[in-house]
Amino acid sequence: MPHPDLSLYCCRNMGVILIVALILAMGIRPVYAEHDVWLIDTHQAPWNCASEEGFEKAIYYQLVGNHWVRSDAVSFYESQAPEIPLVLFAPGYTSTTADTLEVGMSLVRLYPPGKKCRTVFWNWPAEKIRVRLARDIREKIAVTDASGHYMAMFLRCLQPESQICMIGFSFGNRMICDATERLGDERPEGMQIHLVLTSAATDQEWLASDSRHSNVPRLAEKILILYNPADRALKFYPLLYGNGSRPTALGQIGPPMTRIVPEFRSRIEAVNTQCFVGAKHRTVFYLQTPDFRRSMNDYLFFESF
C-alpha cells in the first residue's frame, strides 16, 4: 500500500489544538475532581515519521479541581508514583476530543469507591477528515502505527516499577499492542503490564507466536479480550486493507489460542460479549459488561484474589 498523504493532518493541527483547548476549558463536573486524571494530546505530533522529537510536541493536560489545566511532560513524570496503578485509555476510530473525554470519564465513574490510580486519556487524531471512508480508514492505520511508537516512548519514560493497565477500543488496540511489542526487552524488570482489548480492530492472528504482536503475551502479565461476533463494524474488517488480504478482526472472533506460545496462554482471558453488547460498536457498552466490571480490581488496580 502506498504511503498515505498525511498533509491534511498537519494543516489542521492548529485548529485541532484550539478546539481541544476550548473543550478542556469548559471544565467538568465535580464528581470527577477527586481523581488523578490526565489527557495527552498527540494531534500536533508528526505521523509520517515518529521520533522522540515528535513526541515532545505532545501536550499534557491535568484535571485540577473541576477544570483542565495545561501542564507538561516534566510535571507528569515527576509526579508519577509507581505504587499507584496507571490506567491508559486509547479510544477508537472517529473519536473526537469530546468523545474521548466523555468515554474516559464514563470509565472513571466505574471505579470502585476509594480506589486510587492515575488515569490517562490518549487523544490521537482519530477524527474522520476524508470524504471517502476507505481512504480515511487506511490513513488512520498509518496514524495508529505512529501512535504505537509514541506510546512506547511514553511507557519507557514511566517509573521502572510502574503498574500499567492499557485499555483499548477498536483502533486503540492497535496502538497499545504495538506499544507493548515495541517496548520489548526494554521493559524494566519490575514493570507490570495488563491489557484490556475491547472490540479490537487488529488482525486476529497478530498475537500468534510468529506474527506482529507475538511478544505481547510474554510482556503483559494479564490480557483480557472482550470480543463480539455480532459487532456490526468489525464485520467489514476483512475489507480494511484493500490489497486482496481478508483478515478477521481479533475483536470479532477472539485470540488464536492454539498458535500462542503455550506457557503464555494462561495469561489471556477471552470473553464473548455478544449477549450483552449485541451489534453495537461503542466503547461504553463494553465497559458496562459484567465481565469488564468484575475484572476491574484485578486488571486495573492490580488486586488479585
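Things worth noting here:
- In the range 192-239, the residues that are within 12 Å of GLY251 (Cα to Cα), among the aliphatic types (A, V, I, L, M) and part of a loop (DSSP other than H, G, I, E, B): ALA200, ALA201, ALA230, ALA233
- Count of the range 85-114 residues which are surrounded by 14 or more Cβ atoms within 10 Å (Cβ to Cβ) and more than 19 Å from VAL284 (Cβ to Cβ): 2
- Complete set of residues in the range 270-294 that are surrounded by fewer than 20 Cβ atoms within 10 Å (Cβ to Cβ), in contact with a strand residue (DSSP E or B) (Cβ under 8 Å, 6 or more places away or on another chain) and either more than 24 Å from LYS235 (Cβ to Cβ) or among the polar types (S, T, N, Q) (or both): ASN272, THR289
- Contacts under 6 angstrom Cβ, first residue in the range 197-210 being within 12 Å of ALA233 (Cβ to Cβ), partner in a loop (DSSP other than H, G, I, E, B) and not aromatic (Phe, Trp, Tyr), 6 or more apart: SER199/SER170; SER199/ASP231; ALA201/SER170
- Single residue of the range 67-102 satisfying the filter (acidic (Asp, Glu) and assigned to a helix (DSSP H, G or I)) that is nearest to ARG156 (Cα to Cα): GLU78
- Evaluation of ALA33 against the conditions (1) surrounded by fewer than 16 Cβ atoms within 10 Å (Cβ to Cβ); (2) at pLDDT 95 or above; (3) among the aliphatic types (A, V, I, L, M); (4) under 30 Å from GLU303 (Cβ atoms) shows that the sole unmet condition is (2).
So that you can scan it fast, the table gives a plain yes or no per residue for (1) free of Cβ contacts under 8 Å to residues at least 40 places away in the same chain; (2) under 20 Å from VAL74 (Cβ atoms):
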| site | (1), (2) |
| --- | --- |
| MET153 | no, yes |
| CYS157 | no, yes |
| PRO160 | no, yes |
| GLY172 | no, no |
| ALA179 | yes, no |
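- For the range 184-212, a residue qualifies if it is in contact with a Leu (Cβ under 8 Å, 6 or more places away or on another chain) and surrounded by fewer than 24 Cβ atoms within 10 Å (Cβ to Cβ), and the qualifying residues are GLY184, ARG187, MET191, ILE193, HIS194, ASP203, GLN204, TRP206.
- Residue ID - surrounded by the most Cβ atoms within 10 Å (Cβ to Cβ), chosen from residues in the range 160-183 that are among the small types (Gly, Ala, Ser) and on the phi < 0 side of the Ramachandran plot: GLY172
- Contact map, the range 257-282: residues that are among the hydroxyl-bearing types (Ser, Thr, Tyr) paired with residues that are crowded, with 16+ Cβ neighbours inside 10 Å and part of a helix (DSSP H, G or I), Cβ distance under 7 Å, separation 6+ or inter-chain. Pairs shown: THR273/TYR286.
- Any hit, the range 67-79, residues being touching a residue at least 60 places away in the same chain (Cβ under 8 Å) and in contact with a Ser or Thr (Cβ under 6 Å, 6 or more places away or on another chain): no
- All positions within the range 240-256 that are touching a residue at least 40 places away in the same chain (Cβ under 8 Å), over 19 Å from the mean Cα position of the chain (by Cα) and part of a loop (DSSP other than H, G, I, E, B): LEU240, TYR241, GLY242, ASN243, PRO247, THR248, PRO256
- For the range 296-305, a residue qualifies if it is at pLDDT 95 or above and out of contact with any Phe, Trp or Tyr (no Cβ under 9 Å at 6 or more places or on another chain), and exactly one does: PHE302.
- Residue that is farthest from ASP291 (Cα to Cα) [pool: residues in the range 225-238 that are surrounded by fewer than 21 Cβ atoms within 10 Å (Cβ to Cβ) and touching a helix residue (DSSP H, G or I) at 6+ places or on another chain (Cβ under 8 Å)]: LYS235
- The one condition in (1) in a strand (DSSP E or B); (2) hydrophobic (A, V, I, L, M, F, W, C); (3) without any contact (Cβ under 8 Å) to a residue 60 or more places away in the chain that TRP122 fails to fulfil: (3)
The values are calculated or read from the model by the stated rules, or taken from the named source; none is laboratory data. Since the structure is predicted, the reported quantities are computational estimates derived from the model, not experimental observations. Positions of Cβ are backbone-derived with ideal geometry, glycine not excepted, and every protein chain shown enters the neighbour counts.
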